[in-house]
Amino acid sequence: MKLTRNLFTAVLLTGLAAGTLSVRADNTNKTTQTEQKDTKARPYPLEKCIVSGEKLGEMGKPVTLTYKGQEMKFCCKDCVKDFKKDPEKFLKKLADEEKKAKK
């Protein structure tokens, strides 16, 4: 009887742990809609980081994410954090930079 109870407890706890881990794994694999890899995203038009103004590639491989259908490239992870604080500000700055480049 004691063996059966211990076995039942072990199976129950294993099932509970597996369920919890699968939910956590599912949540970590999800990205927000604005950061999803989007094959239709507009390519990033600049040679520099929109946040810092540094030339891309000078500080290592650029960090890339997609926001509202626009590919964004940053010189480092810190610039991504700054971008996420006020993304609309940097999208406007990107649009202004694109207009300058066309002239």
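The values are calculated or read from the model by the stated rules, or taken from the named source; none is laboratory data. Everything quoted here is computed from the prediction, not taken from an experiment. Neighbour counts are summed over all protein chains in view; Cβ atoms, including those assigned to glycine, are modelled from backbone coordinates with ideal geometry. Ligands, DNA and RNA are excluded from the accessible area calculation, which covers all protein heavy atoms including side chains. Shrake-Rupley method; radii C 1.70, N 1.55, O 1.52, S 1.80 Å.
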Quiz prompt | Subset of the range 64-79 (residues that are open to solvent by less than 40 Å² (accessible area, probe 1.4 Å) and within 21 Å of Lys40 (Cα to Cα)) | solution = Leu65, Thr66, Tyr67, Gly69, Gln70, Met72, Phe74
Quiz item: What are the residue pairs meeting all of these: first residue in the range 63-92, first residue more than 12 Å from Val51 (Cα to Cα), second residue among the charged types (D, E, K, R) and assigned to a loop (DSSP other than H, G, I, E, B), Cβ atoms under 7 Å, and 6 or more apart or on different chains?
Solution: Thr66/Lys37; Thr66/Asp38; Gly69/Asp38; Gly69/Lys40
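The rows are residues; the columns are (1) in a loop (DSSP other than H, G, I, E, B); (2) not charged (D, E, K, R).
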| residue | (1), (2) |
| --- | --- |
| Lys40 | yes, no |
| Ile50 | yes, yes |
| Glu58 | yes, no |
| Thr64 | no, yes |
| Lys81 | no, no |
